[in-house]
Amino acid sequence: MLEAADAGAVAITGSHAALFRGQSDNVIGPDLTGVFFSDASVGKDNAGILRLADLDKRGIPAGTASAASAAIGDSQDIFENGILSYVNASATRLGARPGINGQGVRGTN
């Protein structure tokens, strides 16, 4: 649902960070400042977080909130209560790391 006008925004989605059939796609079309997902408990073969590396190739900081900290499918809960579980290298360079919430305070997983 992202559009070209969303370029430069930070997107928070309640969805997982899986790739459709494990292949790169254009679901995240615009160049965002950052994007955050649910880890959806990661899943088999890390399927729920594969998009993080794909976005890293584009230089887009991305991360996932632990499904134990915020409801899967609820972007508002992820925004308010999510604790990062995985981040890509682009996000790490900006100071993101697993265990922090949106306010930069260490949380618990």
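The values are calculated or read from the model by the stated rules, or taken from the named source; none is laboratory data. What you see is a predicted model; the values in this text were computed from it and never measured. Positions of Cβ are backbone-derived with ideal geometry, glycine not excepted, and every protein chain shown enters the neighbour counts. Just the protein is used for accessible areas: all its heavy atoms, side chains included, with ligands, DNA and RNA removed. Shrake-Rupley method; radii C 1.70, N 1.55, O 1.52, S 1.80 Å.
Taking strands (runs of 3 or more DSSP E) as the structural unit, those lying wholly within segment 25-109 and holding at least 1 residues that are aliphatic (A, V, I, L, M) and touching a Phe, Trp or Tyr at 6+ places or on another chain (Cβ under 9 Å) correspond to 62-65, 84-87.
Taking only segment 7-24 into account, find how many residues are over 22 Å from A71 (Cβ atoms), among the small types (G, A, S) and in a loop (DSSP other than H, G, I, E, B). Of the residues in that region, 4 qualify.
Taking the condition open to solvent by less than 60 Å² (accessible area, probe 1.4 Å), more than 19 Å from T92 (Cβ to Cβ) and without any contact (Cβ under 8 Å) to a residue 24 or more places away in the chain, does D25 pass? Yes. Inclusion of I78 among residues that are of a type outside the set (S, T, N, Q), open to solvent by less than 20 Å² (accessible area, probe 1.4 Å) and either modelled with pLDDT of 95 or more or farther than 22 Å from A4 by Cα (or both) is warranted.
Exactly one residue out of A71, A62, A89, A40 is open to solvent by less than 20 Å² (accessible area, probe 1.4 Å), in contact (Cβ under 8 Å) with a residue 12 or more places away in the chain and in contact with a helix residue (DSSP H, G or I) (Cβ under 9 Å, 6 or more places away or on another chain), and it is A62.
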